[in-house]
1. When the accessible area of region 16-100 is computed with all protein chains present and a 1.4 Å probe, what percentage of it is carbon and sulfur?
2. Which value, in Å² and to the nearest 10, is the accessible area of R80 when all protein chains are kept and the probe is 1.4 Å?
3. Given H placed on each backbone N at 1.01 Å, which residues far from Y108 in sequence or on other chains put an amide H within less than 5 Å of it?
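The values are calculated or read from the model by the stated rules, or taken from the named source; none is laboratory data. What you are looking at is a predicted structure, and each value in this text was computed from that prediction instead of being measured. We work out accessible area using only protein heavy atoms, side chains counted, and drop any ligands, DNA or RNA first. Shrake-Rupley method; radii C 1.70, N 1.55, O 1.52, S 1.80 Å.
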Amino acid sequence: MDVQQAGENRLLELNELEEFCNQAYENARLYKEKTEKWHDKHILPQHFHEGQQVLLYNSRLKLFPGKLKSRWSGPFIIHRVHSHGAVEIKKNVDDNSFKVNGQRLKVYNGAPVLPDKGVLHFNDL
């Protein structure tokens, strides 16, 4: 056994291992860039206006949401739209408004909210 030859072989193996690690790192970086571009391409811009009804996403229900409980709450009424993406919303016309990120909102296309919680008549539909 030649000690000099064994040392050179070990250095070559370490260099190859470092090259494999660098290639794996580069491949992971390229994959991340491609998936980020794909996700960004599929994001649809949302345009809100004052008086529009929206639903608010509640991200805190991820751990124990309960059976069949929706993560969307509302509907809320948009009070003001800011240029940087923040939106002020209210639960009712008389309530205080609070700011949320516009990405946590989606347009409410359901039935109009009736102010009277009484009996619903067929004439109201």
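1. Working: 3990 of 7250 Å².
Using a 1.4 Å probe with all protein chains present, region 16-100 comes out at 55 percent carbon and sulfur.
2. For R80, the solvent-accessible surface is approximately 100 Å².
3. Q53, V54, L55
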